[in-house]
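Quick notes on the structure that follows.
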């Protein structure tokens with residue numbers, strides 16, 4: 001079931017849904033979306049007689065995930081700027097897309113090196129994995145990057161972090 005929330009940051013008669021639709025809350029009319037020059041979905045909203053253009057993902061993430069924390073930006077979990085569903089958006093650091101969009105090559109057959117199943121095998125960063133294990137691996141790596149980011153933010157030296165996670169020194173430039 002689609003959920004709608006009021007846009008409260010402006011004197012607005014608009015609402016946004018968790019599916020990325022924007023509507024007039026009194027008439028129910030869906031506002032037409034278009035692509036920005038950077039390929040983000042955008043809408044033109046009116047407040048106090050003036051048109052304001054906003055990126056749809058900014059409206060969705062703010063309505064469903066709260067106000068933007070300092071130093072974070074909206075991230076598309078699947079890397080697709082047109083997928084503005086609330087479940088596909090999160091607050092993250094600039095450059096986090098490298099965490100989420102690993103190079104995955106589909107194979108015709110093969111055996112998963114993790115669980116040894118022989119269905120839907122792919123290569124994720126050089127390792128043969130099934131689709132289930134790829135999803136688990138992406139979550140684990142994403143969580144690891146979040147922990148490392150928090151450690152860096154708290155002032156822990158990069159060398160100490162590398163030693164803590166047994167990572168190679170060539171990862172830090």
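Observations on the model:
- Picking from residues in the stretch 7-23 that are surrounded by fewer than 14 Cβ atoms within 10 Å (Cβ to Cβ) and in contact (Cβ under 8 Å) with a residue 40 or more places away in the chain, the one that is farthest from residue 83 (Cα to Cα) is 9.
- Residue list for the stretch 32-48, filter: assigned to a loop (DSSP other than H, G, I, E, B) and modelled with pLDDT of 95 or more: 32, 33
- Here residue 26 meets each of (1) surrounded by 13 or more Cβ atoms within 10 Å (Cβ to Cβ); (2) over 15 Å from the mean Cα position of the chain (by Cα); (3) modelled with pLDDT of 90 or more with one exception, condition (1).
- For the stretch 55-76, the set of residues classified as in a helix (DSSP H, G or I) and closer than 16 Å to residue 33 by Cβ consists of 56, 57, 58, 59, 60, 61, 63, listed by residue number.
- Tally of residues being farther than 16 Å from residue 89 by Cα and crowded, with 17+ Cβ neighbours inside 10 Å across the stretch 34-52: 2
The values are calculated or read from the model by the stated rules, or taken from the named source; none is laboratory data. What you see is a predicted model, and the numbers here were worked out from it, not measured in a lab. Don't worry about glycine lacking a Cβ; one is built from the backbone with ideal geometry, like all the others, and counts go over all protein chains shown.
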